[in-house]
Amino acid sequence: MPTWTALTTIEGQDAADALGAAMENLTPEPTGIGVFEVEDGSGLWEVGGYFVEEPDAAGLALLTKMCSAKDFAVSELPEIDWVAHVKRELTPVEAGRFFVHGSHDADKIPEGRIALLIDAAMAFGTGHHGTTLGCLRALDHLIDDGFVGRRVVDIGCGTAVLAMAAAQVWPDPVLASDIDEVAVDVARANVDANALSDRVTCVEAAGFASPTLKRAAPFDLVFANILKGPLIGLAPDMTRHVSTGGYAILSGILNPQADEVISVYAQNGFNLVNRDEIVDWTTLILVKN
């Protein structure tokens, strides 16, 4: 069955949310609506709808005029078996000692590498994105420097690949949390698939706001692969929950945003150890002084 997308951009979150809500009244109705910030510092938001019938061009044009948005770009999508497509396109990722792969590449694990299995249907957080890859490289850097994590947590864990990586190299249990219930379910499934259910505990939480995390603090290593805004908002909590001499690996930061994040964390007692740029994204290693 063919499907269509209709995408536009608009300034500001309130306007984007209003446009997304207005799209629900279209005929034919979209089967799904997404509202996302464009992560380039422009202040623009992308609003999109998915349709199983060709969307009404006049209705879309009226919405753009009412909401002062750009014209919708409407595209018909070919029929694709997306899981099969991802399996073809999602090649293994090597990050130092770590080898992230889908089940379709289980026979390609190089000798001596630490394998992390992420199902091809759960593509975000597989290591292909510069943020996840940067965090794995940062972890590899700390291991090479002789650091041993004994109390580790992955905040905003997504697939839990970072928590699993830590659990594969150090003997103590690792915590993983995410604000999204579906992400926590995905994380638990990945932990089970890697036979780490007795080593990694996944909880639903916003930041450190979980009794499980509070009991385990202070941490000597925190992963936070989220976005600049939440990272800056998390800085005071990070100070309270990271032990003196402990590390924070931060990512989800566009390269031009890195200096601001470094400055905010410096005001909260962290010093920069290393910064790594991968295409558009920066990963930071910070130590609490």
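So is R199 under 13 Å from D154 (Cβ atoms), among the charged types (D, E, K, R) and either in contact (Cβ under 8 Å) with a residue 24 or more places away in the chain or surrounded by 16 or more Cβ atoms within 10 Å (Cβ to Cβ) (or both) or not? Even if it seems obvious, please write down each step before you answer.
Numbers: under 13 Å from D154 (Cβ atoms): yes; among the charged types (D, E, K, R): yes; either in contact (Cβ under 8 Å) with a residue 24 or more places away in the chain or surrounded by 16 or more Cβ atoms within 10 Å (Cβ to Cβ) (or both): yes.
Judged against the criteria, R199 is a match.
Can you tell me which residue among E277, E181, E260 is touching an Asp or Glu at 6+ places or on another chain (Cβ under 6 Å) and open to solvent by 30 Å² or more (accessible area, probe 1.4 Å)?
Only one candidate qualifies: E181.
Condition check: touching a residue at least 60 places away in the same chain (Cβ under 8 Å), open to solvent by 30 Å² or more (accessible area, probe 1.4 Å) and more than 20 Å from the chain's Cα centre (by Cα). Does N268 satisfy that? Reasoning before the result, please.
Working: touching a residue at least 60 places away in the same chain (Cβ under 8 Å): no; open to solvent by 30 Å² or more (accessible area, probe 1.4 Å): yes; more than 20 Å from the chain's Cα centre (by Cα): yes.
Here the answer is no, as N268 does not meet what is asked.
Across the range 208-233, what is the number of residues that are open to solvent by 20 Å² or more (accessible area, probe 1.4 Å) and either within 18 Å of E260 (Cα to Cα) or part of a loop (DSSP other than H, G, I, E, B) (or both)?
11
Looking at (1) of a type in the set (S, T, N, Q); (2) farther than 25 Å from V273 by Cβ; (3) open to solvent by less than 50 Å² (accessible area, probe 1.4 Å), which is the only condition T131 fails?
(2)
Report yes if F208 is more than 22 Å from P92 (Cβ to Cβ) and touching a residue at least 40 places away in the same chain (Cβ under 8 Å), otherwise no. Show your work before the answer.
Numbers: more than 22 Å from P92 (Cβ to Cβ): yes; touching a residue at least 40 places away in the same chain (Cβ under 8 Å): yes.
In short, yes.
Outside any strand (DSSP E or B), of a type in the set (G, A, S), surrounded by 20 or more Cβ atoms within 10 Å (Cβ to Cβ) and touching a residue at least 12 places away in the same chain (Cβ under 8 Å): is that true of A138 in this structure? Lay out the reasoning, then the answer.
Values: outside any strand (DSSP E or B): yes; of a type in the set (G, A, S): yes; surrounded by 20 or more Cβ atoms within 10 Å (Cβ to Cβ): yes; touching a residue at least 12 places away in the same chain (Cβ under 8 Å): yes.
Answer is yes for this residue.
Out of the residues in the range 68-102 meeting the condition of being more than 30 Å from D14 (Cβ to Cβ) and aliphatic (A, V, I, L, M), tell me which one is modelled with the highest pLDDT.
Per the stated criteria, the residue is V100.
At pLDDT 75 or above, open to solvent by 50 Å² or more (accessible area, probe 1.4 Å) and farther than 30 Å from A248 by Cα: is that true of K65 in this structure? First the steps, then the outcome.
Details: at pLDDT 75 or above: yes; open to solvent by 50 Å² or more (accessible area, probe 1.4 Å): yes; farther than 30 Å from A248 by Cα: yes.
Yes: the conditions hold for K65.
For the range 47-62, what are the residues that are in contact with a strand residue (DSSP E or B) (Cβ under 8 Å, 6 or more places away or on another chain) and open to solvent by less than 70 Å² (accessible area, probe 1.4 Å)? It would help to see each step written out before you state the result.
From the range 47-62, those in contact with a strand residue (DSSP E or B) (Cβ under 8 Å, 6 or more places away or on another chain) are 47-55, 57, 60; that's our starting set.
Residues satisfying the conditions are V47, G48, G49, F51, V52, P55, L60.
Just a yes or no: is a residue in the range 153-162 over 22 Å from I253 (Cβ atoms), of a type in the set (A, V, I, L, M) and modelled with pLDDT under 95? First the steps, then the outcome.
Of the range 153-162, the ones over 22 Å from I253 (Cβ atoms) are none.
No, the range 153-162 contains no residue that is over 22 Å from I253 (Cβ atoms), of a type in the set (A, V, I, L, M) and modelled with pLDDT under 95.
Please verify whether the range 210-217 includes one or more residues that are out of contact with any Gly (no Cβ under 7 Å at 6 or more places or on another chain) and farther than 17 Å from R151 by Cβ.
Start the filter on the range 210-217 by keeping residues that are out of contact with any Gly (no Cβ under 7 Å at 6 or more places or on another chain), which leaves 210-217.
If we keep only those that are farther than 17 Å from R151 by Cβ as well, we get none.
No, the range 210-217 contains no residue that is out of contact with any Gly (no Cβ under 7 Å at 6 or more places or on another chain) and farther than 17 Å from R151 by Cβ.
The values are calculated or read from the model by the stated rules, or taken from the named source; none is laboratory data. Everything numeric here is computed off the predicted structure, so don't read it as measured data. Counting neighbours? That spans all protein chains shown, and the Cβs are built from the backbone with ideal geometry, glycine included. Just the protein is used for accessible areas: all its heavy atoms, side chains included, with ligands, DNA and RNA removed. Shrake-Rupley method; radii C 1.70, N 1.55, O 1.52, S 1.80 Å.
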